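The values are calculated or read from the model by the stated rules, or taken from the named source; none is laboratory data. Please read all numbers here as calculations on a predicted model, not as lab measurements. With ideal geometry, Cβ positions are generated from the backbone for all residues, glycine too; neighbour counts draw on all protein chains shown.
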Amino acid sequence: MQLRAETVMNRLFGQVRGAVAGLALVMMAAVVLQTITITPAYARGAPDSFADLAEKLSPAVVNISTSQTVTGRQGGQPSVPSLPEGSPFEDFFEDFLERQGRQGAPRRVQSLGSGFVIDPSGYVVTNNHVIDGADEIKVIFADGESLSAELIGRDAKTDLALLKIEHEGDDFPFVPFGDSNDSRVGDWVMAIGNPFGLGGTVTAGIISAINRDINAGPYDDFIQTDASINRGNSGGPLFNMNGEVVGVNTAIISPSGGSIGIGFSIPAATAVAVIEQLREFGETRRGWLGVRIQSVTEEIAEGLGMDEPKGALVAGVNPEGPAQDAGIEPGDVIIVFDGKDVSEMRDLPKLVAETTIGRAVDILVIRAGNEKALSVEIARLDEAETADATDGKDNKEDESGTAQVLGLGLSRLTTANRNEYNVPADVDGVLVTYIDPASAAAQKGIRRGDVIVEVAQNDVRSPSDVSERVEEEKASGRKSVLLLLASGGDLRFVAVRISADD
């Protein structure tokens, strides 16, 4: 009996021990889970000081002083107001403006900017707008040494310029470029420059955004920073915490002209490629594809049968360009160029421009809903050139050769209306003669005199062609129809919503 009781007690103690052990495991797991779930990720703190970095880098950052001669009304001189002949004020304004130098001797105008030395032999980078039009350029170091600079080359499209200075003695202090592609939003950065002519000034902040397009040029891809940048900082460097130049400070957004924490820098990845060409050739040599492109909106994507808006839509092909020889056609959507995705229209010009001239690259386009691979040999860009409801009436064409569809009054092209609307002889299609101001077509900017060349990537030559194509798109479930318009000598694609009445 006693053995049986001990056996029962042992079993009970074993169960209790097991339960306790299990509970302990559960509690440990809960603690671990809680730790994983609620432990925050702390950002790396700001440097204790930027002093060591500033002291090391400042000798290579320079002030750029330029001067130029202006004559006549250059430099903002006003002109004589439009006054009646013989007015008593006419002589007054003439005398006043002459005293102000309108007809006086040429004047010297000076301006200041920033720059930085990138090579011990004396190559200096700055902005093109800092030295544009200058007769004389001087580079001034932090210790006061001033040297005359030679302009090696400049590029207005990226707003970069390369200078060269020389002197006898030791090599110049210089700073290296870093890889701006490694920069991330939130990284610490430091700017050094010459704001308002005050001399070497250090400011710090973070990268606020990348890949900014501020409509400054065809290759916009700016780094945005809240490090203070003011007038005179233009052309100065933006450093990472490794002391590498990741950007060239170029522009600010400010209603007052002073810093409000929105500054923009040209990424080093862009600057290095341009500077290398300026150093080697004295000019830029960019690739050229020979297409006119536009963005793919959601409506255009739907009209083309694409799952999502992406790529660059080819609106026109230069008959003398590489694209023509490669078989690229208007209406193609370029989605991959040289193995790189073209996510949006503005990606393509940069990719093409950076491609080596004469190199054959593979591209992928969407044509009529299907992907098609092509190969194109890139040519050199000539830098002188720059790379929408009905009123209830029947949509069918009547005996007069007109129709109304999509809120548009349409007509066949004739000699008479070609002359009336100045339609070139080499343009074929259907003429727009009326637009319902409340229609989707009007909202898309279609105007009288525009010519519909294609509907849903099919040629049209009569109003009934347009009506039939619109009906086909509607029957297929499309919410919009893609039109190719000829307007003022240019071609453009427009996606117009299809209403229930169309």
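The residues in region 430-456 that are out of contact with any helix residue (DSSP H, G or I) (no Cβ under 9 Å at 6 or more places or on another chain), crowded, with 18+ Cβ neighbours inside 10 Å and on the phi > 0 side of the Ramachandran plot can be counted, and the count is 0.
Any residue at all in region 341-360 that's more than 23 Å from LYS157 (Cα to Cα), out of contact with any Asp or Glu (no Cβ under 6 Å at 6 or more places or on another chain) and in a loop (DSSP other than H, G, I, E, B)? Among the residues of region 341-360, not one is more than 23 Å from LYS157 (Cα to Cα), out of contact with any Asp or Glu (no Cβ under 6 Å at 6 or more places or on another chain) and in a loop (DSSP other than H, G, I, E, B), which makes the answer no.
Only one of these is closer than 23 Å to PRO218 by Cα, at pLDDT 95 or above and among the small types (Gly, Ala, Ser): ALA156, ALA161. Name it.
It is ALA161.
Within region 299-343, can you find the residues that are within 20 Å of the chain's Cα centre (by Cα) and at pLDDT below 90? Matches in region 299-343: ALA315 only. Please verify whether region 242-255 includes one or more residues that are out of contact with any Lys or Arg (no Cβ under 7 Å at 6 or more places or on another chain), of a type in the set (Val, Ile, Thr) and more than 18 Å from ASN127 (Cβ to Cβ). Within region 242-255 (the criterion being out of contact with any Lys or Arg (no Cβ under 7 Å at 6 or more places or on another chain), of a type in the set (Val, Ile, Thr) and more than 18 Å from ASN127 (Cβ to Cβ)), the answer is no, since none of the residues qualifies. Could you grab the pairs with beta carbons closer than 7 Å, sequence gap of 6+ or different chains, first residue in region 239-260 and within 18 Å of THR201 (Cβ to Cβ), second one of a type in the set (Asp, Glu)? Once the first residue is within 18 Å of THR201 (Cβ to Cβ) and sits in region 239-260, its partners that are of a type in the set (Asp, Glu) give THR250/ASP159. Is it the case that region 396-410 has a residue that's modelled with pLDDT of 90 or more, part of a strand (DSSP E or B) and of a type in the set (Gly, Ala, Ser)? Checked region 396-410: no residue is modelled with pLDDT of 90 or more, part of a strand (DSSP E or B) and of a type in the set (Gly, Ala, Ser).
Considering only residues in region 208-230 that are more than 22 Å from ARG346 (Cα to Cα) and not polar (S, T, N, Q), the one that is modelled with the lowest pLDDT turns out to be ILE229.
Scanning region 134-150 for residues that are in a loop (DSSP other than H, G, I, E, B) and surrounded by 18 or more Cβ atoms within 10 Å (Cβ to Cβ) returns ALA134, PHE141, ALA149.
Is it the case, given these coordinates, that ARG108 is outside any helix (DSSP H, G or I), modelled with pLDDT under 95 and surrounded by 13 or more Cβ atoms within 10 Å (Cβ to Cβ)? Considered against the rule, which asks whether it is outside any helix (DSSP H, G or I), modelled with pLDDT under 95 and surrounded by 13 or more Cβ atoms within 10 Å (Cβ to Cβ), ARG108 comes out as no. Filtering region 249-276 to residues that are farther than 19 Å from VAL189 by Cα and not hydroxyl-bearing (Ser, Thr, Tyr) leaves PRO255, GLY257, GLY258, ALA273, VAL274, ILE275, GLU276. For region 151-185, which residues satisfy the criterion of being among the β-branched types (Val, Ile, Thr) and assigned to a strand (DSSP E or B)? Hit for region 151-185 is ILE152, nothing else.
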